[in-house]
Amino acid sequence: MSGSPAGVLAQFTRRPPPPGERCELCGEPLPEEHRHLVDTTRRSLKCSCPPCHLLFTRPGAGQGRFRAVPDRYLTDPDFALDGDGWNGLQIPVGLAFFFRNSALSRLAAFYPSPAGATESELDPATWDAVIGSTRLAGLLEDDVEALLLHAERDRPATCTLVPIDVAYELVGRMRLHWKGFDGGSEARAALAEFFDRVASRARPLPAAAGTDSTRTPGGTP
């Protein structure tokens, strides 16, 4: 199997398994809403029951092959990204997510397009200058979490740290609903519902010392 980010994406965006699925480690039946593990060797997600998920929350469990996907959503009230910063990321639309791929020792960046999810070749120096020095980037766990960036016209850009399976859920929704060049009304409705849910779960970091937590982030592209 390819170790490239595109190969990783194909694994993560598999069609949802049918009802009655089981834990992929022990075979226990699973409810529709359940947790996931990242298989760092095969670069794929595995559905897991609570005991198996808990087992791999321990550092070094299973010699590091499986990593439990956390369930944390974080935002930073001090985050700011203006149009120049977004342009520097070379993302042509107002939506992208980023994660660190430990096997490849580099950042992977994706954004939705009419053809599905598209990888952006992000220069490491640009990442460091625009996003890498933010507090959320400093908290990001390799392989199992992503930074989700969303920018709408006339609204501040947002950045949310989310579980990696949530980022790929978004990709799956876009692949299912996207029509034409701009996605169409169905895709926009699915996107709005998705970000409303993410926002309802996100916990803001405490404002950094010496900053004004009421300030508005920079402009959007």
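May I ask you to list the residues in segment 52-76 that are surrounded by 13 or more Cβ atoms within 10 Å (Cβ to Cβ), in a helix (DSSP H, G or I) and either small (G, A, S) or in contact with a Pro (Cβ under 6 Å, 6 or more places away or on another chain) (or both)?
Within segment 52-76, A61, G62 qualify.
Yes or no, residue by residue, for (1) touching an Asp or Glu at 6+ places or on another chain (Cβ under 8 Å); (2) touching a residue at least 60 places away in the same chain (Cβ under 8 Å); (3) over 25 Å from G172 (Cα atoms):
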site	(1), (2), (3)
G62	no, no, yes
G83	no, yes, yes
A96	no, no, no
F110	yes, yes, no
L122	no, no, no
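Might you check whether a residue that is assigned to a helix (DSSP H, G or I), more than 18 Å from A151 (Cβ to Cβ), modelled with pLDDT of 75 or more and open to solvent by 60 Å² or more (accessible area, probe 1.4 Å) occurs anywhere in segment 204-217? Show your work before the answer.
The initial filter retains those residues of segment 204-217 that are assigned to a helix (DSSP H, G or I), namely none.
No: zero hits.
Filter segment 180-189 for residues that are in contact with a helix residue (DSSP H, G or I) (Cβ under 6 Å, 6 or more places away or on another chain) and either among the charged types (D, E, K, R) or modelled with pLDDT of 85 or more (or both) and give the result.
Here is the first cut: in segment 180-189, the ones in contact with a helix residue (DSSP H, G or I) (Cβ under 6 Å, 6 or more places away or on another chain) are 186-187.
Listed by number, the list holds a single entry, E186.
Mind checking which residues of segment 151-179 are within 17 Å of L37 (Cα to Cα), open to solvent by less than 30 Å² (accessible area, probe 1.4 Å) and either modelled with pLDDT under 95 or in contact with a Cys (Cβ under 8 Å, 6 or more places away or on another chain) (or both)? Let's see the steps before the verdict.
First, the residues of segment 151-179 that are within 17 Å of L37 (Cα to Cα): 162-169.
Now drop any that are not open to solvent by less than 30 Å² (accessible area, probe 1.4 Å), which leaves 162-164, 166-168.
Listed by number, the residues that qualify are I164, V166, A167, Y168.
Could you tell me which numbered condition S185 fails, if it satisfies all but one of (1) loosely packed, with under 11 Cβ neighbours inside 10 Å; (2) more than 16 Å from the chain's Cα centre (by Cα); (3) closer than 26 Å to D143 by Cα?
(3)
F79: part of a loop (DSSP other than H, G, I, E, B), surrounded by 17 or more Cβ atoms within 10 Å (Cβ to Cβ), touching a residue at least 40 places away in the same chain (Cβ under 8 Å) and in contact with a helix residue (DSSP H, G or I) (Cβ under 8 Å, 6 or more places away or on another chain), yes or no?
Details: part of a loop (DSSP other than H, G, I, E, B): yes; surrounded by 17 or more Cβ atoms within 10 Å (Cβ to Cβ): yes; touching a residue at least 40 places away in the same chain (Cβ under 8 Å): yes; in contact with a helix residue (DSSP H, G or I) (Cβ under 8 Å, 6 or more places away or on another chain): yes.
So F79 fits the description; yes.
Could you check how many residues of segment 92-150 are among the β-branched types (V, I, T), open to solvent by 10 Å² or more (accessible area, probe 1.4 Å) and assigned to a loop (DSSP other than H, G, I, E, B)?
Filtering segment 92-150 down to residues among the β-branched types (V, I, T) leaves 93, 118, 126, 130-131, 134, 144.
Pick out the ones that are also open to solvent by 10 Å² or more (accessible area, probe 1.4 Å) and you get 93, 118, 126, 130, 134.
From what is left, the residues that are assigned to a loop (DSSP other than H, G, I, E, B) are 93, 134.
Total satisfying the criteria: 2.
The values are calculated or read from the model by the stated rules, or taken from the named source; none is laboratory data. The structure displayed is predicted, hence computed values, not measured ones. Please note: Cβ atoms are built from the backbone with ideal geometry, for glycine as well, and neighbour counts cover all protein chains shown. For the accessible areas, the whole protein counts, side chains as well, though only heavy atoms, and no ligand, DNA or RNA atoms are used. Shrake-Rupley method; radii C 1.70, N 1.55, O 1.52, S 1.80 Å.
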